[in-house]
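Data first, discussion second: the structure below is written as structure tokens.
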Amino acid sequence: MIEYDSVTKIFGIGKKAVTATDNVTFTIADGETAVFLGPSGCGKTTLLRMTNRLEAVTRGTIRVMGRDTMEMDAQKLRLSMGYVIQQIGLFPNKTIAGNIAVVPRMLGWDRGEIRSRVDELLGMVNLDPEIYRDRYPAELSGGQQQRVGVARGLAANPDILLMDEPFGAIDPINRDQIQDEFLRLQGKLKKTIAFVSHDIHEAIKMADKIAIFKDGRLVQFDTPEAILMRPANKFVSDFVGADRALKVLGLLRIRDAMNPEPRNLVQAGEDAPGVLKMMEAQNLPLAFVIKDNRPVGYVHPKLLKYEQGRVGELAEKFPETLGAREPVRDALSAMLMHDITAFPVVDDNGNLAGTISYRQIQKSILDLYADDHEESKIE
Amino acid sequence: MTLFAFLQDNLARTLFLAWEHVWLVGLSLLIAMCTGIPIGIAITRSKDLAQKVLAGANVIMTVPSIALFGLMLPILAIVGHGLGKVPAVIALVLYSLLPIIRNTFIAIKNVDPALVDAGRGMGMGKWRLLREVEIPLAVPVILAGLKTAAVMNIGIAAIAAYVGAGGLGVFIQQGIARSHETMILTGALAVSLLAIVVDLAMSLLERWVTPKGLKI
């Protein structure tokens with residue numbers, strides 16, 4: 001847990017004094033990723049650097065695991081936290097293993113322990129230890145280097161990780177991938193993370209909570225959904241952008257918006273005339289054809305008219321399948337691209353998990369708004 | 001008399017003078033290294049101090065060597081060492097300091113601040129950071145400074161023959177006094193050869209001590 005309590009930082013003295021962070025109070029709970037978000041010069045990096053005392057706090061207190069950081073030994077404090085920076089900062093004179101081993105060595109681990117930990121960490125960040133252990137940073141691509149940077153931050157298994165725009169210097173394609181990998185890792189490790197970013201997309205993707213700063217002040221601290229749907233003021237709504245409903249689509253998972261028990265299912269073995277009759281009776285514009293609980297395709301009344309065969313053979317195939325864990329944005333994109341208003345959703349094993357339609361997407365967005373706007377409606 | 005015949009007749013003496021020359025330069029370089037590198041590192045902590053030290057070393061550099069020997073003579077004469085190897089070594093040390101201090105200072109200053117930040121943020125202390133990161137990364141530039149000092153000092157040491165320090169300069173000095181061309185030529189060629197060999201050797205050393213990760 002990291003508690004910021006009325007934290008103020010003033011650089012310089014007298015007339016030249018600049019307030020970098022101004023009376024900031026919030027708490028990052030255990031196992032939570034808090035993204036510090038804001039334009040440059042808003043104080044987010046200063047706040048991070050005060051957390052491990054690379055900068056001294058002018059007023060207020062920062063407590064880590066309940067202890068006031070200013071009463072702790074700065075070096076011990078830093079050894080107890082992982083630190084990952086945008087410029088990566090791998091030591092070019094040390095091998096990959098040597099870089100990862102820096103903190104464990106300072107903590108006095110024995111050689112065997114360090115070696116196995118290095119291999120374990122390289123595996124965790126998807127780099128083959130056999131290939132990369134003895135290489136030098138200059139031999140790695142930017143994305144690989146930052147994977148090592150993350151591994152180095154995690155080396156001594158700290159409870160807390162401080163990350164200063166860790167993926168900022170990586171090209172967009174690699175960035176997306178490394179973010180996904182990191183999310184998967186964090187899902188297992190459950191570290192308490194303070195993560196500085198200036199990118200709203202990254203913040204929405206990575207954060208459990210987002211802290212938005214402006215001119216050194218904390219403007220809003222809340223979940224990504226709440227920030228998107230309930231911006232505290234004009235600055236926040238401008239910062240998250242006019243397309244915030246679309247951004248929510250990126251945040252919402254298909255499994256949260258889909259219909260888990262669709263009625264319009266037919267088995268592949270059923271006869272076309274029977275299915276047609278059923279569809280006309282229930283006024284269904286479309287039915288999902290499934291076989292062994294896997295989606296085969298879809299049929300609509302026009303397709304079945306005058307046909308006698310089984311629907312499994314007549315069904316049109318879906319151009320893509322959607323996973324329950326994918327963002328709703330992907331579902332909407334598929335609908336727009338293929339002009340199909342409903343898609344089957346499959347679980348990790350390819351079995352049908354539910355169906356998602358355009359109307360359901362719209363409804364889930366409206367539900368989110370409804371939660372927020374109930375009070376104003378009552379007025 | 002040909003150069004070859006002169007060498008044949010004076011082989012032992014030539015080798016001895018060459019040895020003396022190397023010894024003078026080597027000893028002064030060692031002393032300058034042991035003082036210059038720590039000074040160079042120390043002044044990275046204070047901009048003010050760095051300016052003063054570098055300016056001071058610069059002033060020493062601008063004094064012509066023959067004048068420096070002249071200036072030191074009355075001072076060192078007090079302790080009975082106005083002539084000989086002592087003033088020579090002192091002068092060579094003084095001349096070496098500038099390139100060594102300056103290169104050390106620049107090399108440490110030029111270490112990527114992100115690396116220093118990463119090191120500090122991970123909990124490295126000043127000394128550990130210096131030992132594990134800053135100095136290894138600075139080594140190639142520091143060595144380039146040592147090379148400059150060594151090559152320059154081989155030339156200056158030849159002049160030290162005038163204050164009785166010995167070395168290959170003796171051939172040049174005595175050759176001029178006696179209008180003995182072959183003798184002058186031998187001394188001049190030997191000094192030049194020595195400078196070239198030392199330059200090559202230092203370049204090899206530079207490559208050898210540069211951390212492997214920096215050569216990729």
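The values are calculated or read from the model by the stated rules, or taken from the named source; none is laboratory data. Everything numeric in this text was worked out from a predicted model, so none of it was measured. Cβ coordinates were reconstructed from backbone atoms using ideal geometry, including for glycine residues, and neighbour counts include every protein chain displayed.
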Quiz item: Does B:A161 meet the test of being surrounded by 15 or more Cβ atoms within 10 Å (Cβ to Cβ), within 26 Å of B:G70 (Cβ to Cβ) and within 18 Å of the chain's Cα centre (by Cα)?
Solution: yes
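Which ones in region B:113-128 are part of a loop (DSSP other than H, G, I, E, B) and either more than 13 Å from chain A (Cβ to nearest Cβ) or surrounded by 17 or more Cβ atoms within 10 Å (Cβ to Cβ) (or both)?
Passing the criteria: B:M122, B:G123, B:M124.
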Quiz item: Which residues, counting only those in region A:90-118, are assigned to a helix (DSSP H, G or I), away from chain B (no Cβ under 11 Å) and among the small types (G, A, S)?
Solution: A:A97, A:G112, A:S116
Practice problem: Sort through A:M81, A:M50 and tell me the only one that's closer than 24 Å to A:G216 by Cβ, surrounded by 20 or more Cβ atoms within 10 Å (Cβ to Cβ) and at the interface with chain B (Cβ under 10 Å from one of its Cβ atoms). | Solution: A:M81
Quiz prompt | Residue satisfying condition, being modelled with pLDDT of 90 or more, away from every other protein chain (no Cβ under 14 Å) and closer than 16 Å to B:A32 by Cα, within set B:A150, B:A88 | solution = B:A150
Practice problem: Taking only region A:191-218 into account, find how many residues are touching a Phe, Trp or Tyr at 6+ places or on another chain (Cβ under 6 Å) and under 13 Å from A:F239 (Cβ atoms). | Solution: 2
Quiz item: Based on what the data block shows, is A:N126 at pLDDT below 95, in the same structural domain as A:F195 (by TED's automatic domain parsing), assigned to a helix (DSSP H, G or I) and in contact with a helix residue (DSSP H, G or I) (Cβ under 9 Å, 6 or more places away or on another chain)?
Solution: no
Quiz item: Considering only region A:54-78, how many residues are in contact (Cβ under 8 Å) with a residue 24 or more places away in the chain and either part of a helix (DSSP H, G or I) or buried (at least 20 other Cβ atoms within 10 Å of the Cβ) (or both)?
Solution: 5
Quiz item: What tally of residues in region A:29-47 results from selecting those that are farther than 22 Å from A:F239 by Cα and surrounded by 22 or more Cβ atoms within 10 Å (Cβ to Cβ)?
Solution: 0
Practice problem: Kindly indicate the residue of region A:158-174 that is touching a residue at least 24 places away in the same chain (Cβ under 8 Å) and over 17 Å from A:A194 (Cβ atoms) and also nearest to the other protein chains (Cβ to nearest Cβ) among those meeting that condition. | Solution: A:A169
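How many residues does region A:330-349 hold that are closer than 19 Å to A:V266 by Cβ and touching a Gly at 6+ places or on another chain (Cβ under 9 Å)?
Adding up the residues that qualify gives 3.
Do you know which residues across region A:6-60 are of a type in the set (D, E) and more than 24 Å from B:G123 (Cα to Cα)?
Narrowing region A:6-60 to residues of a type in the set (D, E): A:22, A:30, A:32, A:55.
Once the filter is applied, which keeps residues that are of a type in the set (D, E) and more than 24 Å from B:G123 (Cα to Cα), region A:6-60 yields only A:D22.
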Exercise. Kindly indicate whether any position in region B:94-112 is acidic (D, E), part of a helix (DSSP H, G or I) and closer than 30 Å to A:D73 by Cα.
Key: no
Self-check item: Qualifying residue in region B:51-70 (condition: of a type in the set (V, I, T), surrounded by 13 or more Cβ atoms within 10 Å (Cβ to Cβ) and within 14 Å of chain A (Cβ to nearest Cβ))
Solution: no
Quiz item: With region B:1-91 as the region, which helices (runs of 4 or more DSSP H) entirely inside it contain at least 2 residues that are of a type in the set (D, E, K, R) and more than 19 Å from the chain's Cα centre (by Cα)?
Solution: B:47-62
